[in-house]
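See below for the structure under consideration.
The values are calculated or read from the model by the stated rules, or taken from the named source; none is laboratory data. Model, not experiment: these values are computed from the prediction. As a convention, Cβ positions derive from the backbone with ideal geometry for all residues, glycine included, and neighbour counts pool all protein chains shown. Side chains are part of the model used for accessible areas, which takes the heavy atoms of the whole protein and leaves out ligands, DNA and RNA. Shrake-Rupley method; radii C 1.70, N 1.55, O 1.52, S 1.80 Å.
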Amino acid sequence: MTKLRLAIVGAGPAGIYAADILLKYERAFDVSIDLFDQLPAPYGLVRYGVAPDHPRIKGIITALRDVLDRGDIRIFGNVRFGEDLSLADLKEHYNAVIFATGAVRDADLDIPGIDLPGSYGAADFVSWYDGHPDYPREWPLEAESIAVVGNGNVALDVARVLVKHPEDLMPTEIPANVEAGLKASPVTDVHVFGRRGPMQVKFTPLELRELGELRDVDMIVHDEDFDYDDASLAAIESNKQVFVINRTLQEWRTREVGQASRRLHLHWYAKPLEVVAGPDGRVAAFRYERTEPDGEGGVRGTGEVREVPVQAVYRAIGYFGSPLPGVPFDERHGVIPNHEGQALGDDDRIIPGVYATGWIKRGPVGLIGHTKSDAMETITHLVNDQASWWSPAHPEEDAIVRLLDERGVLWTDLEGWHRLDAHEVSLGEPQGRARVKVVPRDEMVRISRD
Ligand code: NAP
């Protein structure tokens, strides 16, 4: 029987779902899947993107783990595509590759002052508080007032972690350096800015409501933002999520405030203009133009410029994909150009054997579960494209292991992940926490390969 030797690059939900769907797919050939990740541990953004105080979402790991533990997928962690392995290497060893590398860096916000000291990308901050091995251990939490730009769930995650009292994060898996950093933060006020109105936000009702439950944090909203236009009223009528968001915000408008030691301010109709520097060259204020609804869900500028004094700015205006060596990349959208998951070359012709799934396929939108339908589409093409698969010179399963070993790559496998996982759980036990993450890459690799 023919065998499909498949490489998947990226062991986050997109890659694992793709593997799972292929294994369950009705097909006339055998399958053998190798899953590569540049990190020594699997689960991608579930481990390194979901906020530590969102255990419900982190719980997706249980389902992903079940897939890996079935034993019919090999994992090769700590392998960097483009450095340790090239596309040419994959062609030598596999019939096809699926890239599931996601989108992990911050989209650019092109305004003056965005590169000032004290101005940060939300994705970098998330990587810090989630203990990503490739980010600095120290994060400068020195600001009393902070601006967060954007109205998606990442903006709310960042604002919540910044404003929450660190003791309330203690039951989570945050690493020791993050605990120390947050405890030292002098923050009192976090301001979240949306460029459109409260009924045009991208975040979801549950994530908004959670803010109102933070201990000793007042929610501050402003009456001027609630003079709804027809488009906003129509959205409340027609969309359940918008309806619930409105209900939550209306409740906050009537809440008594003034007792809490920290405040979370929500501002709308605020188009970013500039991150303003102080005499010391660091962030001193966030300047924006007040916008107004255009009646169709969009906004237009009013010419009124406002400024809020802050000592730090976090932009949370979306993630962006990164190019992969030897693989086509759409610079404008930050994705691998593709037709339903089949990678496309310059002339829009399908590139045989190269596929994409998840955020690197469709851009950084949608919840984790949405990657399943994405994977199904990609896998359907992969299965039907049998005639154009690559013909590798070394399809035997040992060959790739030999290659990595010859190159001195300290790859980690599923057993290694189990060892690291058990180690992290044991670190958490004495403190009554689910786990404490190991952060340094070399330590992760050492424990995994022990
Ligand atoms: P997002 O949902 O696309 O939100 C991006 C936000 O940035 C929007 O409010 C957008 O405003 C704003 N924005 C974009 N460009 C801007 C600019 N130049 N100036 C000012 N504002 C700008 O992105 P995300 O928050 O990064 O989230 C990515 C995906 O992950 C989403 O699907 C999200 O739901 C998901 N996620 C989910 C959770 C959770 O379930 N708890 C947590 C984190 C992430 P406009 O709408 O006006 O464009």
message: Given a 1.4 angstrom probe, what's the average accessible area per residue across the stretch 1-67, in square angstrom?
response: 33 Å²
- prompt: In the full protein assembly as shown, how much of Thr2 is accessible to a 1.4 Å probe, in Å² to the nearest 10?
  reply: 70 Å²
Loop-exposed trypsin sites (Lys or Arg not before Pro) per DSSP, neighbour cap 11 Cβ within 10 angstrom, longest uninterrupted part of the chain: 71-214
message: Past 18 Å, Cα to Cα: identify those pairs from Lys372/Lys437; Lys164/Lys271; Lys202/Lys271; Lys164/Lys240, in the order given.
response: Lys372/Lys437; Lys164/Lys271; Lys164/Lys240
- prompt: Of all accessible surface on the chain at a 1.4 Å probe, what whole percent is carbon and sulfur?
  reply: 50 percent
- request: For the stretch 1-136, take the alpha-carbon Rg, divide it by the Kirkwood Rh, and send me Rg/Rh.
  value: 1.05
- line: Quick numbers on the stretch 267-364, Rg and Dmax over C-alpha atoms in Å, give 20.0, 56
query: What is the stretch 1-131's relative contact order, in percent, from Cα pairs under 8 angstrom and six or more apart in sequence?
result: 36 percent
- prompt: With each run of n ≥ 4 DSSP H residues scored as -39500 (n - 2.57), what mean residue ellipticity at 222 nm is computed for the chain after dividing by its residue count and rounding to the nearest 500 deg cm²/dmol?
  reply: -9500 deg cm²/dmol
message: Could you compute Rg(Cα) / (2.2 N^0.38 Å) for the stretch 141-263, with N its residue count?
response: 1.12
Taking the C-alpha atoms of the stretch 372-450, convex hull volume expressed per residue in Å³: 148 Å³
message: Using a 1.4 Å probe on the protein heavy atoms only, what accessible surface does Ile21 show? Give it in Å² to the nearest 10.
response: 30 Å²
- request: Determine the equivalent ellipsoid of the chain by diagonalising the alpha-carbon gyration tensor, then write out the semi-axes as square roots of 5 times the eigenvalues, largest first, rounded to whole Å.
  value: 41, 26, 20
- line: Subtracting the Cα-Cα distance of Lys202 and Ala393 from 0.36 nm times their residue separation yields 64.0 nm
field: Square roots of 5 times each gyration tensor eigenvalue, C-alpha, the stretch 297-431, largest first, Å
entry: 37, 29, 16
Those GluC sites (Glu not before Pro) in the stretch 119-199 that DSSP places in a loop and that have at most 10 other beta carbons within 10 Å: Glu138
- request: Give the shape of the stretch 15-82 as rounded, prolate or oblate, defined through the alpha-carbon gyration tensor: a ≥ b ≥ c are the square roots of its eigenvalues, a/c under 1.5 means rounded, and otherwise the shape is prolate if a/b is larger than b/c and oblate if not.
  value: oblate
field: Largest-first ordering by accessible area, 1.4 Å probe, given options Val190, Val365
entry: Val365, Val190
query: If you take the C-alpha gyration tensor of the stretch 222-328, multiply each eigenvalue by 5 and take the square root, what semi-axes do you get, largest first, in whole Å?
result: 28, 24, 17
- prompt: What is the dipole size for the chain, taken about its Cα centre, with +1 at each Lys and Arg Cβ and -1 at each Asp and Glu Cβ, in debye to the nearest 20?
  reply: 520 debye
query: How big is the accessible area of Met170 in square angstrom, nearest 10, if you roll a 1.4 angstrom probe over the protein chains?
result: 40 Å²
task: Express as a percent, rounded to the nearest 5, the fraction of DSSP beta bridges in the chain (both residues included) that run antiparallel.
output: 35 percent
